[in-house]
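Reading through the structure tokens given below for one structure.
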Amino acid sequence: MRLNEAQCRVLHLGRGGPRYLDKLGEEALESSRVEKDLGVLVDEKLDVSQQCALAAQKANCVLGCITKRVSSREREGIVPLCSALVRPHVKHRVQAWSPQHRKDVALLEQVQRRATKMARGLEHLSCEERLRELGLFSLEKRRLQGDLIVAFQYLKGAYKQEGEWLFTGVDSDR
């Protein structure tokens, strides 16, 4: 398979560093600020904000389609639709990059608030009460739950070779 030189670009990581001219054979390669690889946006600062904004935008589009096309606002219909169609955009698109900034987490939780407001009879409740009533978790709790599951798996030996250096056992009477 031949390499397509027209699609090759260089992503310089870090701020303020020298930007050297890179070549592929005799052709100079174009420099890029943002690249998308395997569905993940990578920019020169390794910032996740663009990825979160894209995930929130796609989830909001799906919510708009649900709002326009579904006439029933009963919990039994809205919750499965949002779980199947909206949650993958919010959860799995940002899974490779854990949101670090509060504005990114707030943007993703705003999508979740909009989705929970769609259920009839829950409009007057706060977001936490709506989530509890629907049996859902906030994004922060879901991420913490995933971290706890991975830590438990490390401790039980699921990742024995990779995690030997991470946790050490201590023999103690306490």
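The values are calculated or read from the model by the stated rules, or taken from the named source; none is laboratory data. Keep in mind that this is a model prediction, so the values were computed, not measured. Here the Cβ is made from the backbone with ideal geometry for all residues, glycine too, and neighbour counts use every protein chain on show. In case anyone asks, the SASA skips ligands and DNA or RNA and just uses the protein heavy atoms, side chains included. Shrake-Rupley method; radii C 1.70, N 1.55, O 1.52, S 1.80 Å.
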Subject >> Probe 1.4 Å, protein heavy atoms only - accessible area per residue of the stretch 24-125 in square angstrom >> reply: 61
Original post:
What accessible area, in Å² to the nearest ten, does a 1.4 Å probe give for Ser72?
Top reply: 60
Subject >> Across Lys23/Lys58; Lys23/Lys45; Lys45/Lys103; Lys45/Lys156, pairs whose alpha-carbon gap is larger than 25 Å >> reply: Lys23/Lys58; Lys45/Lys156
**OP:** For Met118, Met1, give the ranking by accessible area with the largest first, probe 1.4 Å.
**Re:** Met1, Met118
Subject >> Spin-label pair Tyr154/Lys103, simplified geometry with 7 Å Cα→Cβ offset, distance in nm >> reply: 3.1
Original post:
Of all accessible surface on the stretch 7-55 at a 1.4 Å probe, what whole percent is carbon and sulfur?
Top reply: 50
